[in-house]
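The values are calculated or read from the model by the stated rules, or taken from the named source; none is laboratory data. If you're wondering where the values come from, they're calculated on a predicted model, not measured in any experiment. In this analysis, Cβ positions are derived from the backbone assuming ideal geometry, glycine residues included, and neighbour counts consider all displayed protein chains. Surface accessibility is based on the protein's heavy atoms, side chains included, excluding ligands, DNA and RNA. Shrake-Rupley method; radii C 1.70, N 1.55, O 1.52, S 1.80 Å.
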Amino acid sequence: MTGAPLPAPDVLVIGAGITGTAAALELAESGARVELIDRYGPAAMASGWTLAGVRQSGRHPAELPLARSAVALWPELDERLGAETGYRRSGNLRLARNAAEAETIRALVADQSAAGLDLRYLADLAAIREIAPPLSDEVIAASFCLTDGHADPVATVSAYARRAGDQGAVLSFGETVRHFETQGGRITRVVTDRRALAPGAVLLAAGFLANDLLAPLGVRLPLRRPMVTVLRSAPIAPLLAPVLGVANADMAARQELTGRLRVTSGAEDWAGGLVERAGVPAIRPRIRSVQATIDKVRRVLPAFAEAELEDVWAGALDLTPDALPVIDRVPGVENLVVAAGFSGHGFGIGPVTGPMAARLAIGEEPDDRLASFRFDRFADGAVATAPLTLHG
């Protein structure tokens, strides 16, 4: 860095996924001095690894209001960010492959319809094939939410980061935060591999790496870190409009605007090994996991097995016991906010949760919708383990 040092930021945002970049833009637009720091760059980890669904269907009741607010924002994001996000509102089908899964889907539709979501139960394959003709006869029922969709995760997060920079945010990519120094219950310095700085507040949006910085403060999020295998085909002709999920969340699929099919497995154990590929972090899935994912997808979408396989990777989840995020001020550290634990489905709600976290960081009162995402819900260890939903 050359020239005079930059003024200390009012808020330092750590993590350039969709939550961090959306928060940085919110802060910059509010007039705050904001710096966004990431050891790699936009969407280098979870936000880039995701299936990138934008859905309301299948959400926990606490997340559904956020998802509905986010879905109202997504159609305007291209204009707001001045860039193409790849967003398409093309629906979400959640499939049942047996009678037990059909009952799960039926109950989901009843519950979410009662909550005001426009969600239909499709009781036969003919009705499902009107929406997704290439599905196999292994599918016996489904839910369909027309207002759900998907986007390009790297394009979206990169657009947020660029727009934040245009609005005055300092973008510090390729720099690693090492630790925090505290005094009197506040972070007084943030030490990186290059320098030290003294922000007014810190917003930690570092996904499954959040505990690396929290643990030395005597605070931890109760995170498990499973992985999800992701496969992507070479481009094929238009085949699939909606995003596909299944009742037990062991696979999901969508077709990107490029024509590539992007599919995912369910959650799998992960030993925690990261490698670098083309300068960004990567997780190598097991060969048996790749085969199992192909088998599960081709059983409902036979055309996937005939496509050429172009890319394979895995993504790590920051999975909380109840599969809900933590968006809250950190107990005992006055000027630290954490937004993590999105459990594999934070991408679609990022345009809402990022700004919510940003407003906490500048001292505003919490939005009422954040009540279920407080840090202290884990204090007595009584939070039940929830089923995981992956797509979006």
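Conditions first: (1) in contact with a strand residue (DSSP E or B) (Cβ under 6 Å, 6 or more places away or on another chain); (2) outside any helix (DSSP H, G or I); (3) open to solvent by less than 10 Å² (accessible area, probe 1.4 Å). W74 passes all but one, so which condition is the exception?
Going through (1) in contact with a strand residue (DSSP E or B) (Cβ under 6 Å, 6 or more places away or on another chain); (2) outside any helix (DSSP H, G or I); (3) open to solvent by less than 10 Å² (accessible area, probe 1.4 Å) one by one, W74 breaks only (2).
Which condition number in (1) modelled with pLDDT of 95 or more; (2) assigned to a loop (DSSP other than H, G, I, E, B); (3) of a type in the set (A, V, I, L, M, F, W, C) is the one that A210 fails?
(2)
From the list E138, E175, exactly one residue is within 29 Å of W270 (Cα to Cα) and of a type outside the set (S, T, N, Q). Which is it?
Matching residue, one of E138, E175: E175.
Can you tell me which of (1) buried (at least 16 other Cβ atoms within 10 Å of the Cβ); (2) out of contact with any Lys or Arg (no Cβ under 8 Å at 6 or more places or on another chain); (3) of a type outside the set (F, W, Y); (4) in a loop (DSSP other than H, G, I, E, B) is the one G259 doesn't meet?
Failed condition: (1).
In region 286-308, which residues are within 27 Å of R39 (Cβ to Cβ) and open to solvent by 30 Å² or more (accessible area, probe 1.4 Å)?
Scanning region 286-308 gives a single hit, R286.
Being open to solvent by less than 20 Å² (accessible area, probe 1.4 Å), assigned to a loop (DSSP other than H, G, I, E, B) and over 30 Å from S233 (Cα atoms), is that true of even one residue in region 348-370?
We begin by selecting, within region 348-370, every residue open to solvent by less than 20 Å² (accessible area, probe 1.4 Å); these are 348-358, 360-361, 370.
Among the residues that remain, those that are also assigned to a loop (DSSP other than H, G, I, E, B) are: 348-349.
Those still in the list that are over 30 Å from S233 (Cα atoms) too: none.
Among the residues of region 348-370, not one is open to solvent by less than 20 Å² (accessible area, probe 1.4 Å), assigned to a loop (DSSP other than H, G, I, E, B) and over 30 Å from S233 (Cα atoms), which makes the answer no.
Tell me which of these P216 doesn't satisfy, since it passes every other one: (1) closer than 19 Å to A305 by Cα; (2) not in a strand (DSSP E or B).
All conditions are met except number (1).
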